[in-house]
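Working notes, structure below.
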Amino acid sequence: QINLRLILVSGKTKEFLFSPNDSASDIAKHVYDNWPMDWEEEQVSSPNILRLIYQGRFLHGNVTLGALKLPFGKTTVMHLVARETLPEPNSQGQRNREKTGESNCCVIL
């Protein structure tokens with residue numbers, strides 16, 4: 001079993017036990033179905049908008065805890081946020097280049 005301490009944006013935390021085979025989607029569904037009483041103010045309308053953040057990165061739904069090589073017997077901290085969509089990998093850098101008009105070409109004279 002892997003012990004996860006989930007932290008909400010409000011700072012409230014709760015610990016849950018999961019299997020290494022559980023995916024980010026499984027975790028979101030489990031948390032939604034077992035929403036803690038003291039998180040009532042943060043209740044969401046659907047498990048589909050719950051997202052996990054681990055080490056600064058959003059976990060896509062099919063990523064399992066085993067694939068992350070999380071340690072057994074220790075508590076791993078993740079953030080749980082309500083968000084409709086995930087950012088595309090590296091999309092922010094592309095957007096910034098489009099705004100500035102900067103390109104990745106060079107001229108050799």
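The values are calculated or read from the model by the stated rules, or taken from the named source; none is laboratory data. Here the structure is a predicted model, which is why all the values come from computation and not from measurement. Please note: Cβ atoms are built from the backbone with ideal geometry, for glycine as well, and neighbour counts cover all protein chains shown. Just so you know, the surface numbers come from the protein's heavy atoms only, side chains and all, with ligands and any DNA or RNA stripped out. Shrake-Rupley method; radii C 1.70, N 1.55, O 1.52, S 1.80 Å.
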Taking amide H positions as placed in the peptide plane 1.01 Å from N, state which residues far from I7 in sequence (5 or more) or on other chains have amide H under 5 Å from it. M78, H79, L80
For H79 the rounded accessible area (nearest 10 Å², probe 1.4 Å, non-protein molecules ignored) is 90
Could you check how much of the accessible area of the stretch 1-80 is carbon and sulfur, as a whole percent, using a 1.4 Å probe? 50
Counting Lys and Arg as +1 and Asp and Glu as -1, what is the net charge of the other residues whose Cβ lies under 12 Å from the Cβ of Y54? +4
